[in-house]
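Asker: Below is the structure I would like to discuss, written out as structure tokens.
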Amino acid sequence: MNRLKILLNRKNAVNIILIVFAAVLIISPKAKALVIKAMLKTGLMPPPTESIAADKSLSTLPEIVLKSSDGKILETSRQRGKVLIINFWATWCPPCIAEMGSINEMYLHYKTNPKVLIIPVDVDSDFKKSLAFMKNRQYSLPVYQLTSNLPPGFISDAIPNTIIVNKNGAIKAKHEGAADYADKAFYNYIDRLIAE
């Protein structure tokens, strides 16, 4: 009995709770996504809010050909005059899951603006899974798949990965990792790009 009391003292109880919490985060992508989503709301993972000097070798968006879930082809070279927000994601990726709600909010915010195009690209190229993901969460986002190869080094192997392109096709920002794209500072940044 005394041994049980020793094991269950306050300090050990806190350690046990932390170990269980860490184990759940490691095992459950949904739990990890919830924690990341909470962190996004604190402002710890902000989206880009200003343009940065892009890699000189890739300062202009290369031609990327995509297919939407309804079979329409989208060529980035034909999107001049629009600010492009290209987000590479996957349904199994906890940071992608965490940020997708804010991407949906951003999409709804800019949906009627003809000068902005939000392009969520499913890196697994599995419309069945990605459309089910969107439907289950009641997101309005379109889904795209790559039909062309990306140039080497265009994005890293990590997802989510978001590229911001101005109306002239210049890459203005790259963001690796989750972010809160419903952030007002991000909207202000996109609005400045629209006004350029």
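The values are calculated or read from the model by the stated rules, or taken from the named source; none is laboratory data. Computed from a prediction, not measured in an experiment: that's the story for all the values here. Ideal geometry is used to build each Cβ from the backbone, glycine not excepted, and the neighbour counts take in all protein chains shown. Protein only, heavy atoms only, side chains kept; ligands, DNA and RNA dropped before computing areas. Shrake-Rupley method; radii C 1.70, N 1.55, O 1.52, S 1.80 Å.
Asker: Exceeding 26 Å between C-alpha atoms, which entries from my cross-link table qualify? They are Lys82/Lys129; Lys129/Lys172; Lys111/Lys135; Lys111/Lys167.
Answerer: The answer is Lys82/Lys129; Lys129/Lys172.
Asker: Could you give the radius of gyration (one decimal) and Dmax (whole number) of the Cα atoms in segment 124-196, in Å?
Answerer: 14.5, 38
Asker: Related question: In Å², what does the accessible area per residue of segment 96-194 work out to with a 1.4 Å probe?
Answerer: 45 Å²
Asker: Measuring from centroid to centroid over Cα atoms, what is the spacing of segment 123-173 and segment 68-113 in Å?
Answerer: After rounding, the separation between the Cα centres reads 6 Å.
Asker: Give me the Kirkwood hydrodynamic radius of segment 54-196, using the inverse of the mean 1/r over all pairs of distinct Cα atoms, in Å to one decimal.
Answerer: For segment 54-196, the Kirkwood estimate is 15.2 Å.
Asker: Moving to a separate point now. What FRET efficiency comes out for Arg192 versus Lys128 if R0 is 35 angstrom and r is the Cβ-Cβ distance? Round to the nearest 0.05.
Answerer: Computed FRET efficiency for Arg192 and Lys128: 0.40.
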